[in-house]
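A short reminder: the numbers here are calculations on the coordinates, not readings from a lab. All figures in this text were calculated on a predicted structure; none of them were measured in a lab. Virtual Cβ from ideal backbone geometry, glycine too; neighbours counted across all protein chains shown.
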Amino acid sequence: MAPLLSVEQVSKSFAGNQVLKEVSFTVEPGEVLALVGENGAGKSTVLSLVTGLLAPDSGRVVHDGAPVPRAWSPHRARAAGIGSVHQELSLNPHQSVAENVFLGAWPSRRGLVRTRDLVARARPLLERVGLDVDPRTRAGRLPLGRQQLVELAKALAGEPRLLILDEATSALDEDQVGAVFRVVRELRDQGGSVILVSHRMAELFAVSDRLTVLKDGAVMATRERERTDHDDIVRLMVGRELSDLFPEKAAADPVADPVAPLLQARDLTVPRACSSVDLDLVPGRILGLGGLQGQGQREVLRALFGLDRHTGQITLDGRRVRLSSPREAIRHRIAYVPEDRKTEGVHTARSVRDNLALPSLRTLAPANRLTTVSRTAETRLVADLTDRLRIKAASPAQEARRLSGGNQQKVALAKWLPTDPRVLLLAEPTRGIDIGTKREIYHLLRRLADDGLAVLVTSGDTMELVGLCDEVAVLYEGRVVDRLTGSALTEERLVRASVMGTATESDEQPEEQADDPSGEKTVLLAEELVNDIDDSDRPDPSGSVTHA
Amino acid sequence: MRERITVAARGNTDLLGLLALLLVLLVAYQHYDSSLLSPATVTILSAQFLPLILAAAGQTTVMLLGGIDLSLGAVLGLAMAVFATYEARGAGDVVTAMALALCVAVAAGAVNGALVAYAGLPPIVVTLAASFLWGGVTLVVLPQPGGHVPAGLVEAYNNGWYGIALPAVAVAVALGLWKLLRTTRHGLALYAVGGNEHGAYASGLHTRGVKIGGYALAGAFTGLAGIGLAIQTGSADPTIGTPYTLNSIAASVLGGISFFGGVGRMRGTVLGALVIGLLTNLLLFTGISPFYQLVVQGVILVVALALKTYLTREAAE
Amino acid sequence: MSGLVSVAALRGSRPVWAFGVLAVTWLAAILFAHGFDSVANFRYLVQTASFLGIVAVGQTLVVMMSGIDLSVSGVVALSAVVCAKVASGTGGGATGITVALLLSALVGAVNAGGVVWLRVPPMVMTLATGTILSGALLVYTNGSPSSAHVPLLDSLANDRLLGVPWAFVLWLGVAAVAFWLLHLSRTGRYAFALGAGHDAARASGVPLGATAFTAYVSCALLAGVAGLVLLGFTGTSSLTMGNPYQLLSIASVVLGGTSILGGRGHLLGTVGGALLLTLLTALLTSWNLSEGVRQVVLGILIIGLLLVYARERRT
């Protein structure tokens, strides 16, 4: 039987940077193919070639036995029976769910689209993806996970023979993932094909028939699912064994050697996000905020940086402080590396130099706002930072958007260092970053802590929290439900507290089970939020898909 | 039933405030001119308000696409000039003149749209440059105020035709067509592109075509506004359109149309235009110098927007 | 890092394009059009470009922080009308100038206040203040603005310094100060940061309020200055004298290579943009084209030039 889709020797470059090198793979009818690879390996790019968002520089895409025409576009791809759900949402938040489900292909009678018709036709599709919402609801009102299911319903509305799921499950909970897989299997059993991209290894192994591993824009190997395992795939993805990913933790035992906290938050409450959160940030220590996605971690950080309105007491060095704006927080020498790197962390359209100098302008032009910024001091500062954090940029004048995600993140972090912060707040510090840079950032954070900074990290990556932090506070529905330190800080207990929303007894679980990341139980519990071991392929929420 | 009412009310909270303001204005108006609800007054008022309402409808169409049209006044003047000079040159009847003026306005809108869609230039810049272009074409067609509109038409438009307020009918028809369009694929596509352009493209919509169509439709509204203005005043003036650019933006913004596209209803814009129009007239009645008109208009615009921003911020927290 | 500037970098720089097009156009004008080869003509051109240029420099400051000022036309008229009325009345020239500039700055402060505190989009806010200004001027003058001769303004607009028109000298001085403000001072960095991304700027501690006030007040002040020079040039004030400057100042900024979305561009580009627009207008006039055809050609030329070098990156 001829393959439904075959990608043949395609290459693609952006601005001289080759992101795909002669990539080839095929998808047979009735097959689920998993595309695996680290972030930046080229998965999204190759899928964009299939869905018509991009055109290849060389090579071709053959669909249904014929090469796709030059003027391949999302419109034609959809008409040809290719449906896709991307990590970047394509819903219009202001239109109703039903209108979104049929976006671009609204069923009409005599030219008129009737709402009643639309709603009636949307219902079975929503049911099929396990979504129980009124089709008349505005799409923007739904939580992220449900929006992603609407995307899936939308893809199904085109009655695709090839369904592409690009990180389509990243915002879903366990039940929702189950619904997606039901759809995938249904489609496969009817002879349709699915291409699946996910960062959760367990998911890939649960539904795919074959796995194609991409690394640095080239296909490393394609494996039958029965003939491979997690370790094999990870080795192909990473291309090397990685040792000492995490640095040594703080030596001092908090019980034996108590240090006065630098920043204390008491009864910290952000309306509709978190309530009565107590936190102690201690110099030399890294505190983590864990929990399922969206339990108020983000808002706690934003409140501490003066970005979100909050109530409660915050003391710094024993003195009450009011953090009502970022400027105030910065004055108190608090620094913040936000989750959304491309809109809050760095100015992507500005040079590396401008980005790095921005928070330090006060010292570079000390007298007042009308003082000239010292070019020499600025150059020295920029050179020092790029050197110290090994930021890979063609020159300091290079625009930040041309940097890789990891280097952008280094810039977002490095720019604070000259302001001599005492408190460092980081949200998802390694999201969408390759594993080598991850390691560098972990070690840097530890060095900073050793120099006396108090560090607070939120992360959806359990392994990261357990490996990096000295203590982790677990948030559930905006409240701290558990605090884990020392030997109690294990992935298993962290996941348990996150999911259950209660503190776990220290003697309830034997330790060794938690250390076994491929253990069935951990995987099941972790399904909801977590990256499996060696996961370094999280979606970048700001969208790493490149558009021409 | 009750649920439906609350849903409807929630969807129109912006409009309720505007509606209340409009009612206050109407009551005040009634105080000065007790013939407010008489057919004659309705005709006069609708004749007076038609150009602004239709111009605002054009601006709204562009704003729903996430754009802005700074050339609207110029296109309005162009349609006016074409309409008023074509027949005067003895080249055809009034209907042909109307059709021609409309076609010219639609074409101007489509050119704007094509530049926005294909050139990669922001709408504000394109329409800014286009305002020179269309303003110039207008001056070529009609260098000085003049032109001619048949007296019978002017009379029927301004004073009613067998008791029918023609301008009101024209506005109703235009809005009815908009309403109809909104329920077609094209209307939905307009909102979809305005709300999330990239998403719409990735979902297989011809976003460029939708944009060009939207700008062309805006041209149609603007053209009608220009024709209406010509009939109302009985002649054409190449520069009379200029204030309509700003006033149409003001009416749309008052009516709750977002600058970022995809959000807002035409009915809001109509209310916004009515508020601006009534207010202008009311100031005349109150005997305050008409010069204060512009001051009040500007203040209302700022207050309304600031209030709205404040309220939405409160609601979000 | 060194003094070497690569050709590629120059080609990618939009302000350089502006000056390149200016040079080519000027050369063409001298070679092919009549009367562009005289010193007197050159002098007249830079003198008239100064009025637009001063407004455009102010506009650049606002656009760079991703704002826009549509009230400049109102402020130009305000400053001229008020100064003329005060000067022709009891006040005298100096008082007139002072009052005019103070009022202009006040308008700028109101614009900034609306944008920062009321969070009204800049376009609407400045549109509204512009509208209010036109109304206020009508009320103030009762529809008939006065003319006045203020000796200082007369000589500023018409006299020369070593053969160079004072207006041009003033423009260059204004541009130099604005250059320093935008490209060398801390405030300028803040303006660029705000233009490149509001959220990232806020999260880096950029003071929105202070920066916006500096930009809008400077812009309004410069529009006021332009109004005064225009008053000196024409000897009379009118309610509509500022109207051409609203769109032309923005066109100068954009033709000078500054992104209308902010955060990208160079102040000197605006100088080139204003000169280019003035030159093009003069060229079209010299061909005895009608007002309408001139506008059409100007519009097409602006669109064409923007297509060549001012496209926004597609995302």
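The sum of -39500 (n - 2.57) across all DSSP H runs of n ≥ 4, divided by the residue count of chain C, sets its helix-only mean residue ellipticity at 222 nm to -24500 deg cm²/dmol. Per residue of B:299-306, other chain Cβ atoms within 10 Å of the residue Cβ number 6 on average. With the convex hull of the Cα atoms taken as the outline of region A:346-418, the averaged projected area works out to 4.4 nm². Diffusion of region B:201-257 by Stokes-Einstein, at 20 °C in a medium of 1.002 mPa s and with Rh set to the Kirkwood radius over alpha-carbon pairs, works out to 158 µm²/s.
Per residue, the convex hull spanned by the alpha carbons of the protein assembly as shown comes to 198 Å³. Counting Lys +1, Arg +1, Asp -1, Glu -1, what net charge surrounds A:Gln398 among other residues with beta carbon under 12 Å of its beta carbon? Result for the local shell: +3. Computed packing ranks the peptides C:37-47, A:124-134, C:291-301, C:225-235 as C:225-235, C:291-301, A:124-134, C:37-47, most packed first, by mean other Cβ atoms within 10 Å. Computed on region C:136-241, with alpha-carbon pairs under 8 angstrom and 6+ residues apart, the relative contact order is 45 percent. Counting, for every residue in B:137-143, the Cβ atoms of other protein chains within 10 Å of its Cβ and taking the mean gives 4.
What would the Debye formula give as log10 I(q)/I(0) at q = 0.08, 0.10 Å⁻¹ for the alpha-carbon point model of chain A, no solvent? For the requested q values the scattering log ratios are -0.57, -0.89. A simple packing score, the average count of other Cβ atoms within 10 Å per residue, orders the peptides A:343-353, A:266-276 as A:343-353, A:266-276, with the highest score first. Counting only Cα atoms, the size of region C:147-256 along its three principal axes is 51, 33, 25 Å, in decreasing order.
Considering only C:Gly20, C:Val225, C:Val76, and ranking their Cα positions along the charge dipole of chain C that arises from unit charges at the beta-carbon of Lys, Arg, Asp and Glu, the one farthest toward the positive end is C:Gly20. Peptide A:89-101 has a mean of 5 when you count, residue by residue, the C-beta atoms of other protein chains within 10 Å of its C-beta.
So which of B:Lys179/B:Lys211; A:Lys154/B:Lys308; A:Lys154/A:Lys415; A:Lys215/A:Lys342 end up more than 30 Å apart by C-alpha? In this structure, A:Lys154/B:Lys308; A:Lys154/A:Lys415 lie more than 30 Å apart at Cα.
Peptides A:72-83, A:146-157 ranked from most to least packed, by the mean per-residue count of other Cβ atoms within 10 Å: A:146-157, A:72-83. Counting only other residues whose beta carbon sits under 13 Å from that of A:Glu159, what net charge do I get with K and R as +1, D and E as -1? Computed value for this residue: +4. Restricting the chymotrypsin sites (Phe, Trp or Tyr not before Pro) of region C:51-159 to loop positions (DSSP other than H, G, I, E, B) with no more than 13 neighbouring Cβ atoms within 10 Å leaves C:Trp117. For region A:93-235, the spread of Cα positions along the three principal axes, ordered from largest to smallest, is 54, 29, 27 Å. According to the calculation over all Cα-Cα pairs in chain B, the P(r) per 20 Å bin from zero is 32, 59, 9, 0 %. Once divided by 2.2 N^0.38 Å, the Cα radius of gyration of chain C becomes 0.99.
Distance between the C-alpha centres of region A:148-173 and region B:129-147: 52 Å, rounded to the whole angstrom. Take the convex hull of the alpha carbons in region B:164-317; its mean projected area over all directions comes to 12.0 nm².
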